[in-house]
């Protein structure tokens, strides 16, 4: 029976490849065919459940504190909600709320001393009983206990000895991810010297002081595609930006520190690695993204269409016929994988997948909502005021799955 299943899946993948419109598409999928422990699902797969999101509570919409905009939220094990907001002066603050929506207190305060911060990165996290926040101004990583959100300690990223490893020399320590074992994944990105891709993004395992726990990267992912150009007005400095219509990589950690990756967003291919970075398996849906036309893009970050086109031609990079099929990914506390699948240029729907990739359900969020956390049977999203276009509160939804 298992042999027949493998044979059937192989035939299914081959059938899809035969249907591809040209040989270049087939070449792009060769790396998928060669994967071990690969499961191929039908592009026409139907979900097992219907999914309904039932609103239960909102946080931060009115009263104390006052924010100009909410930029993120996370939820602790006691269902308390931490919100990152910016005031009129664009100063960032972290505040937490009770599960019933009532306000509790600020976490830390503005400043440069212990337990203080000036500009909190949007990537603040909760894991292993601590809140981890990175102050981009002082380049410090600070920790607060989730017991009462008091200050635990801080470390300066410039002092992390992982930066001395040859494998990440001259790379940028761009991000981190807190693990359930109390350690961190330090994420290093290469500096692009011109339009195209830099060296692979590397995930290094360190403790909270930045001490090396493994001298080799746990995993590596391809660099995003950058457009690099000289700034105007005679400046010799260069600017760089990622090309959103070129494929990039995604990753998410589970509660047991397994790592799920999308090597490139043009393919609905997800790989799983264990906490030690050892490859486990992969699954694939033969879907393509919506059609892409550069002429429909109204420039990017000040770069007109002709400049983008010329830069791509200079490095012999093709303008893709389709946009990336995947836009985002996260893993909830039940090891369900949520992926944002592109429907058209502006619209996407969330596919809820089981741990092995089977399609459980689909969910469509309104255009003014962005998921910021999923746990304890609830989904939390930032919601934008339709009249002002500003994100001003967080909504808690109960996830209801019902068999069809």
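The values are calculated or read from the model by the stated rules, or taken from the named source; none is laboratory data. Note that the structure is a prediction, hence the values are computed from the model and not measured. With ideal geometry, Cβ positions are generated from the backbone for all residues, glycine too; neighbour counts draw on all protein chains shown.
I'm told residue 123 meets every condition in (1) closer than 21 Å to residue 373 by Cβ; (2) modelled with pLDDT of 90 or more; (3) in contact with a strand residue (DSSP E or B) (Cβ under 7 Å, 6 or more places away or on another chain) except one. Can you identify the failing condition by its number?
Tallying (1) closer than 21 Å to residue 373 by Cβ; (2) modelled with pLDDT of 90 or more; (3) in contact with a strand residue (DSSP E or B) (Cβ under 7 Å, 6 or more places away or on another chain), residue 123 fails exactly one: (2).
Quick check on the range 214-241: of everything there that is within 20 Å of the chain's Cα centre (by Cα) and assigned to a loop (DSSP other than H, G, I, E, B), which residue is modelled with the lowest pLDDT?
Restricting to residues being within 20 Å of the chain's Cα centre (by Cα) and assigned to a loop (DSSP other than H, G, I, E, B), the top hit is 224.
Based on what the data block shows, is residue 317 modelled with pLDDT under 75 and either part of a strand (DSSP E or B) or surrounded by 14 or more Cβ atoms within 10 Å (Cβ to Cβ) (or both)?
On the way: modelled with pLDDT under 75: no; either part of a strand (DSSP E or B) or surrounded by 14 or more Cβ atoms within 10 Å (Cβ to Cβ) (or both): yes.
When the stated conditions are applied, residue 317 does not pass them.
Tally up the residues in the range 167-181 that are in contact (Cβ under 8 Å) with a residue 60 or more places away in the chain and either surrounded by fewer than 17 Cβ atoms within 10 Å (Cβ to Cβ) or on the phi > 0 side of the Ramachandran plot (or both), please. Talk me through it step by step, then tell me what you get.
Restricting attention to the range 167-181, the residues satisfying the condition of being in contact (Cβ under 8 Å) with a residue 60 or more places away in the chain are 177, 179-181.
Those still in the list that are either surrounded by fewer than 17 Cβ atoms within 10 Å (Cβ to Cβ) or on the phi > 0 side of the Ramachandran plot (or both) too: 180-181.
Selection size over the range 167-181: 2.
Can you name the condition, by its number, that residue 100 falls short on among (1) assigned to a loop (DSSP other than H, G, I, E, B); (2) touching a strand residue (DSSP E or B) at 6+ places or on another chain (Cβ under 6 Å)?
Exception for residue 100: condition (2).
Any chance the range 145-156 includes a residue that's surrounded by fewer than 18 Cβ atoms within 10 Å (Cβ to Cβ), in the same structural domain as residue 89 (by TED's automatic domain parsing) and within 22 Å of the chain's Cα centre (by Cα)?
No, because not a single residue in the range 145-156 is surrounded by fewer than 18 Cβ atoms within 10 Å (Cβ to Cβ), in the same structural domain as residue 89 (by TED's automatic domain parsing) and within 22 Å of the chain's Cα centre (by Cα).
Please go through the range 371-382 and give me each residue that is crowded, with 17+ Cβ neighbours inside 10 Å and either free of Cβ contacts under 8 Å to residues at least 24 places away in the same chain or not assigned by TED's automatic domain parsing to the domain that holds residue 59 (or both), ordered by number.
Hit for the range 371-382 is 381, nothing else.
Just the residues that are over 17 Å from residue 263 (Cβ atoms) and surrounded by fewer than 17 Cβ atoms within 10 Å (Cβ to Cβ), please, taken from the range 323-354.
Residues satisfying the conditions are 333, 334, 335, 343, 344, 345, 346, 347, 349, 354.
For the range 182-213, which positions are part of a loop (DSSP other than H, G, I, E, B) and either surrounded by 18 or more Cβ atoms within 10 Å (Cβ to Cβ) or touching a residue at least 40 places away in the same chain (Cβ under 8 Å) (or both)?
Result: 182, 183, 190, 192, 194, 195, 198, 208, 209, 210, 211.
Picking from 17, 51, 9, which residue would you name as being at pLDDT below 95, in contact with a strand residue (DSSP E or B) (Cβ under 7 Å, 6 or more places away or on another chain) and either surrounded by 11 or more Cβ atoms within 10 Å (Cβ to Cβ) or closer than 21 Å to residue 352 by Cα (or both)?
9
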